[in-house]
1. Consider residue 98 carefully, then state whether it is in a strand (DSSP E or B), within 30 Å of residue 173 (Cβ to Cβ) and under 20 Å from the mean Cα position of the chain (by Cα).
2. Exactly one condition in (1) closer than 26 Å to residue 108 by Cβ; (2) part of a helix (DSSP H, G or I) is false for residue 197; which is it?
3. Determine which member of the set 110, 71 is within 19 Å of the chain's Cα centre (by Cα), at pLDDT below 95 and farther than 20 Å from residue 40 by Cβ.
4. Quick one: is residue 72 in contact (Cβ under 8 Å) with a residue 12 or more places away in the chain, farther than 22 Å from residue 38 by Cβ and not assigned by TED's automatic domain parsing to the domain that holds residue 228?
5. Tell me, please, whether a residue that is of a type in the set (Lys, Arg) and over 20 Å from the mean Cα position of the chain (by Cα) can be found in segment 31-52.
6. Within the bounds of segment 61-72, is there any residue that is outside any loop (DSSP other than H, G, I, E, B) and in contact with a Leu (Cβ under 8 Å, 6 or more places away or on another chain)?
7. Of the residues in segment 214-229, how many are surrounded by fewer than 23 Cβ atoms within 10 Å (Cβ to Cβ) and either touching a residue at least 12 places away in the same chain (Cβ under 8 Å) or of a type in the set (A, V, I, L, M, F, W, C) (or both)?
8. Going residue by residue through segment 124-140, is there one that turns out to be buried (at least 24 other Cβ atoms within 10 Å of the Cβ) and over 30 Å from residue 16 (Cα atoms)?
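The values are calculated or read from the model by the stated rules, or taken from the named source; none is laboratory data. Nothing here was measured: the structure is a model prediction, and the numbers come from that model. As a convention, Cβ positions derive from the backbone with ideal geometry for all residues, glycine included, and neighbour counts pool all protein chains shown.
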Amino acid sequence: MLHIALDAMGGDHAPRPEVEGALLAARELGVKVLLIGAPHVLRPALYAAGWTAEPIDILPAGEAVFMEERAVRAVRSKRNSSLRVGIAALKQGAAVGLVSAGHTGAIVAAATLYLGTIPGIARPALATVLPTLTGRRTLLLDIGANADCKPAMLDQFAVMGAAYAERVLGVVCPHVGLLSIGEESSKGNLLIRQSHALLRRQAPHRTFVFIGNVEGKDLYAGVADVVVCDGFTGNVVLKTSEGLAAAVLTLVQQTCAAASSSADVLSGLQRVRRQFDDAEYGGALLLGVPYPVVIAHGRSTGRAIYNAIRVARDAYVQNVGHQIAADAAVAVPTSPAHRNGVAQTYNKSV
């Protein structure tokens, strides 16, 4: 049975959603959950939620990293935090994946500092799956791990995203797009234009198809399997999408409820809501570190935590890290100038 570590102290409403998600995952996903936090808090919460014989262990942690804290400072100073205990469980082999709904910056910092990155990858990136009108899923990265990027980083995001799409989403020869303000290669800021040129130049050596620039309107149209961008842009896109989806679905429900009480109408709306509900996608997988690390939303529900555990399990079972390492070894050019450029990008961003 695979063991998944779960930071029970990181979310906005911790530990209730974490406890609910852990119980649901232990019952349905065939995993053992290592719930991390204060035992005197977690044990009563588990029993209150109906814990009986489900495979859940508690890993004691006396501290938590809070949202308002400086990421790197908190990670380094709070050695007994639920986040650091979870990272240690990964590194020591006690768990095969980690889920946390805590401080995104702290999770990225802890994973990078103490787990390192996959050879050939300078910086990890956060990736999330978006639903589309065609039923084809689109992987978007980076959505917040790296606000400032260089072309070499976006190039690596494409390699990692394609590996995930192939291994976990089952896409053969993924189509990768670069998020820009126009389809033409001349469109976009300096970062996008240089990234486009680099991706185009490397295209013959890749196992994926680079389709060029895609626009914001294309994200939910299903034109690409993977879309890459810098973390600042990706985070704005994601938060805007979440807000718009919630607003539109609420308006549709209100309108239909006023017009008709048909059970079929409401049932159909519920299916649409589930399709566009971020809780059904669990969390963002941190691609580029050697172990599956999934960052869930701070306001995650128990259902979202359950799905985040599923994402971590699937990433481990499908050996996404190995695929990324293999693809990165092929994709990264061997010229000293390029290697130096990647090293400088990494050093400046840490």
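1. No, not satisfied.
2. (1)
3. None of the others qualify; the one that does is 71.
4. In short, yes.
5. Yes: one or more hits.
6. yes
7. 8
8. yes
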